[in-house]
Structure formats: structure tokens, C-alpha cells
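The values are calculated or read from the model by the stated rules, or taken from the named source; none is laboratory data. None of the values given here were measured: they were computed from a predicted structure. With ideal geometry, Cβ positions are generated from the backbone for all residues, glycine too; neighbour counts draw on all protein chains shown.
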Amino acid sequence: MIKTFSITDIGRKRKLNQDYVYTSETPVGALPNLFVVADGMGGHKAGDYASRCTIETMVEYAENADDTGIVAVLEQAILKANEVVIEKAESDEALNGMGTTVVAACIDGDEMCVANVGDSRLYVVSNREITQITRDHSLVEEMVRMGGLKREQARTHPDKNIITRAIGAQQNLEIDFFKVKLDPDDLVLMCSDGLTNMLEDEEIRMILQGQRDLVEKAECLVNAANNNGGKDNITVVLISPAVNGDNR
């Protein structure tokens, strides 16, 4: 039995929350469940429109999709969202240049399918380690992969917010997909970069280990990110894919 908890917070510096989140533990069309985080960008209100429009379009597509495979539905849902965001931006000058990241997950038994565009992340956390499943589509991540930047320098690099892929940025959108085998005690964390820019991965793991249930875990992550500066909107989704008599 899947259990989830999600929370989004404006942070301490922003005047608007441009993050958007969707969770459904029950089927969405052909999908057995669906979890999505989007982190919008753009001028006044354009970013929050882009993130909300993206998730609403994805959910609507999934609910009515003829496709049956999880990857196929997620892919077409994201591509449809990309089309809609581009169309809206072209038809309304106030929305020109808007875009959003998106990370989506669907769990089928002990297997999780993940789709990713941008630098919002999905992690799998066990008692011993935290593993980032998604790969950031960002300038600093490219620099790290090319050997021009050390991993520990990336989080504080001045160009860390420049992303190389986004919904609404280009017609020919490339989406990354990942398949992950889940253990019963694993915890799935999805988040916007308002969390990961404020906390190291190991700090995140320790906070998750130190709290009793999903609500406390998520709230403590948001509080810690805000205590470290809260420079951006913070969104957290926690998913317990298998519950063995408790609310871990």
C-alpha cells in the first residue's frame, strides 16, 4: 500500500510560489498512480502558470490516454504539456519566455518509472544511503560531467540556476526516463531545487531518518531549508511504496 505526503512552501525570499505539485495514490487513467513536481520560471506569475498548466495538462492527458504503457503515457503527457505551454506563451505576451521543470513518477508493484526534464529531483532513500535517480539538466551538471567543476562546488556555483532543458523552452523536447527497483523499506523523495540548494544530500537523509512519519519528515525538510536561507520555493513529496504496519 502506497502512502504519500506532499508540501510546498514559498520560502523566505520569494514573493510568489512558482512550484506546483500533484499526487494521486489511486489510478489516473491507465496509470496505477501519479506523482509530479514542477518548478516554474518566468516573469510575474508566468512561472506559476507554466508549472500549474504543465501538471494539469499531464493529468488530463493521462486520464484520457489510449496508451497503456506507463512510459508511453508519461512521455506523451509531458510532450503534450510542452506543446500547450509553448502555445500559451506565444499567444500571451505576459507569458512569453515562461517554462518549468518537471519530474514525474509512477509506481507499479516494486518498480518505479521516473520521467525528468530540468533540475527538480527524485531520490531513493534507504536506511544507509540516499541515491539521486534523476540527472539534472543544468549548466553546472554539464560542467561536473565534463570535469570542469567538482561535485561539492556545484551547489554554490553562481550559475547553478541555469537549466539546459525545460518544458516550454523548445519544440523538440528530450525527456529522461529511469526505471528503479524498490525495496519495501525504501522512501522516495521528489523535490524542487529550493530544497537541494539549501541542504546537502546527507543532511536530507539524516533528517528523514530522524523523524517518525511522512508528515514530520517533510515538514522538517522544509523547515531546515528555510533555516538555511530559504532562497527559493521549496516543494517536497515523500512516497512510502510499501508500508509494513506503520506510516514510514
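Does Asp246 fit the bill of being surrounded by 14 or more Cβ atoms within 10 Å (Cβ to Cβ), of a type outside the set (A, V, I, L, M), at pLDDT below 95 and part of a loop (DSSP other than H, G, I, E, B)? Here the answer is no, as Asp246 does not meet what is asked. Restricted to the stretch 1-47, and to residues that are assigned to a strand (DSSP E or B) and of a type in the set (Ser, Thr, Tyr), which residue is surrounded by the most Cβ atoms within 10 Å (Cβ to Cβ)? If we take residues in the stretch 1-47 being assigned to a strand (DSSP E or B) and of a type in the set (Ser, Thr, Tyr), then Tyr20 is surrounded by the most Cβ atoms within 10 Å (Cβ to Cβ).
Looking across the stretch 129-144 at every residue that is farther than 16 Å from Gly118 by Cα and in contact (Cβ under 8 Å) with a residue 24 or more places away in the chain, the one that is surrounded by the fewest Cβ atoms within 10 Å (Cβ to Cβ) is identified as Glu129. Highlighted here are the helices (runs of 4 or more DSSP H) found entirely within the stretch 141-218 that include at least 1 residues which are under 17 Å from the mean Cα position of the chain (by Cα): 193-196, 201-210.
Hey, can you tell me all the residues within the stretch 158-178 that are surrounded by fewer than 18 Cβ atoms within 10 Å (Cβ to Cβ) and farther than 17 Å from Arg121 by Cβ? Correct list: Pro158, Asp159, Gln170, Gln171, Asn172, Glu174.
Where residues in the stretch 129-144 are of a type in the set (D, E, K, R) and over 18 Å from Ala38 (Cβ atoms), which of them is modelled with the lowest pLDDT? Before the answer, list the steps.
Of all residues in the stretch 129-144, those of a type in the set (D, E, K, R) come to 129, 135-136, 141-142.
Imposing the further condition that a residue be over 18 Å from Ala38 (Cβ atoms) reduces the set to 129, 141-142.
Values: Glu129: 96, Glu141: 71, Glu142: 75.
If we take residues in the stretch 129-144 being of a type in the set (D, E, K, R) and over 18 Å from Ala38 (Cβ atoms), then Glu141 is modelled with the lowest pLDDT.
Return the only residue of Ser51, Ser91 being buried (at least 23 other Cβ atoms within 10 Å of the Cβ) and not aliphatic (A, V, I, L, M). Ser51 is the lone residue from the list that is buried (at least 23 other Cβ atoms within 10 Å of the Cβ) and not aliphatic (A, V, I, L, M).
Within the stretch 89-106, which residues are of a type outside the set (A, V, I, L, M) and in contact with a Ser or Thr (Cβ under 8 Å, 6 or more places away or on another chain)? Let's see the steps before the verdict.
Kept after step one, since they are of a type outside the set (A, V, I, L, M), are these residues of the stretch 89-106: 90-93, 96-97, 99-101, 106.
Selection gives Thr100, Thr101.
Restricting Thr68, Thr57 to residues that are modelled with pLDDT under 95 and either surrounded by 24 or more Cβ atoms within 10 Å (Cβ to Cβ) or of a type in the set (S, T, N, Q) (or both) narrows the list to Thr68. Taking each residue of the stretch 154-173 that is over 9 Å from Asn82 (Cβ atoms) and in contact (Cβ under 8 Å) with a residue 12 or more places away in the chain and looking for partners that are basic (Lys, Arg) and in a loop (DSSP other than H, G, I, E, B) with beta-carbon atoms closer than 8 Å, six or more apart or interchain, yields Ala154/Lys160. Residues of the stretch 214-228 that are touching a strand residue (DSSP E or B) at 6+ places or on another chain (Cβ under 8 Å) and among the acidic types (Asp, Glu): Glu219 alone. Here Ser126 passes the criteria (1) small (Gly, Ala, Ser); (2) modelled with pLDDT under 95; (3) under 29 Å from Gln211 (Cβ atoms); (4) crowded, with 18+ Cβ neighbours inside 10 Å except the one numbered (4). Any chance the stretch 91-103 includes a residue that's assigned to a helix (DSSP H, G or I), touching a residue at least 12 places away in the same chain (Cβ under 8 Å) and not aliphatic (A, V, I, L, M)? Within the stretch 91-103 (the criterion being assigned to a helix (DSSP H, G or I), touching a residue at least 12 places away in the same chain (Cβ under 8 Å) and not aliphatic (A, V, I, L, M)), the answer is no, since none of the residues qualifies.
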